[in-house]
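Notes follow the structure.
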Amino acid sequence: MDAIVNKRIKQVIKGDQSAFAEIVEIYKDKVFQICFRMLGNRHEAEDISQEAFIRAYVNIETFNQNRKFSTWLYRIATNLCIDRIRKKKPDYYLDAEVSGTEGLTMYSQVAADVQLPEDKVEEMELQESIQFEISKLPDKYRSVIVLKYIEELSLQEISEILDLPLGTVKTRIHRGREALRKQLRTM
């Protein structure tokens, strides 16, 4: 895979824009997943994913082809997500009560396509709760937790993506896991 990507990168540098479309096709789902897990919002994740590919395309000549392209691209996406998180303040939450009502939440305003079986609903609620608790972690812990446990990247890959020493990555994963554990106990 890396050989194919490196070949396409050389074509892009020579001016072949269609070669970059193949690179996007290879990595689009993974980049979107990283962004979605970090941001918790599908629309923002789509925006940041596109921005990551644009930045990669514009800066493709700075990419060191002795390294993995995926690591470089995931670092761009992760950094963009962290920037978005820092700039963004929460506007509202779906589980917040609608003013002037008793117990009515914004969930009731969201259209449902299909009624799901009870088990599926419980699983989704648990995933949402965990995602919400992950989103409350400090940026430095959130990024390593998402990359390690949701995206299942190796410690070395996380180290390269975040440009941190391996020991720092291990420490942040441990501390992030402990912080998440404390948050989940209160649920």
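The values are calculated or read from the model by the stated rules, or taken from the named source; none is laboratory data. Being a predicted model, the structure only gives us computed values, none of them experimental. Ideal geometry is used to build each Cβ from the backbone, glycine not excepted, and the neighbour counts take in all protein chains shown. Side chains included, ligands, DNA and RNA excluded: accessible areas come from the protein's heavy atoms. Shrake-Rupley method; radii C 1.70, N 1.55, O 1.52, S 1.80 Å.
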* Asked: Taking LEU153, is it of a type in the set (A, V, I, L, M, F, W, C), in contact with a helix residue (DSSP H, G or I) (Cβ under 7 Å, 6 or more places away or on another chain) and more than 23 Å from ASN79 (Cβ to Cβ)?
  -> no
* Which pairs do you get when a residue that is touching a residue at least 12 places away in the same chain (Cβ under 8 Å) and within 15 Å of CYS81 (Cβ to Cβ), found in segment 127-146, comes within reach of a residue that is surrounded by fewer than 19 Cβ atoms within 10 Å (Cβ to Cβ) and among the hydroxyl-bearing types (Ser, Thr, Tyr), reach meaning Cβ atoms under 8 angstrom, with the pair 6+ apart or on two chains? -> ARG142/SER135
* Just give me the residues in segment 73-89 being open to solvent by less than 70 Å² (accessible area, probe 1.4 Å) and over 17 Å from TYR141 (Cα atoms), in sequence order. => LEU73, ILE76
* Structure fact -> Checking GLU128, GLU152, GLU178 in turn, the sole residue that is surrounded by fewer than 16 Cβ atoms within 10 Å (Cβ to Cβ) and at positive phi turns out to be GLU152
* Structure fact -> Within segment 1-43, residues being under 17 Å from TYR74 (Cβ atoms), of a type outside the set (S, T, N, Q), in contact (Cβ under 8 Å) with a residue 40 or more places away in the chain and open to solvent by 20 Å² or more (accessible area, probe 1.4 Å) number 4
* To do: Only one of these is open to solvent by 60 Å² or more (accessible area, probe 1.4 Å) and assigned to a helix (DSSP H, G or I): GLU157, GLU133, GLU123. Name it.
  => GLU123
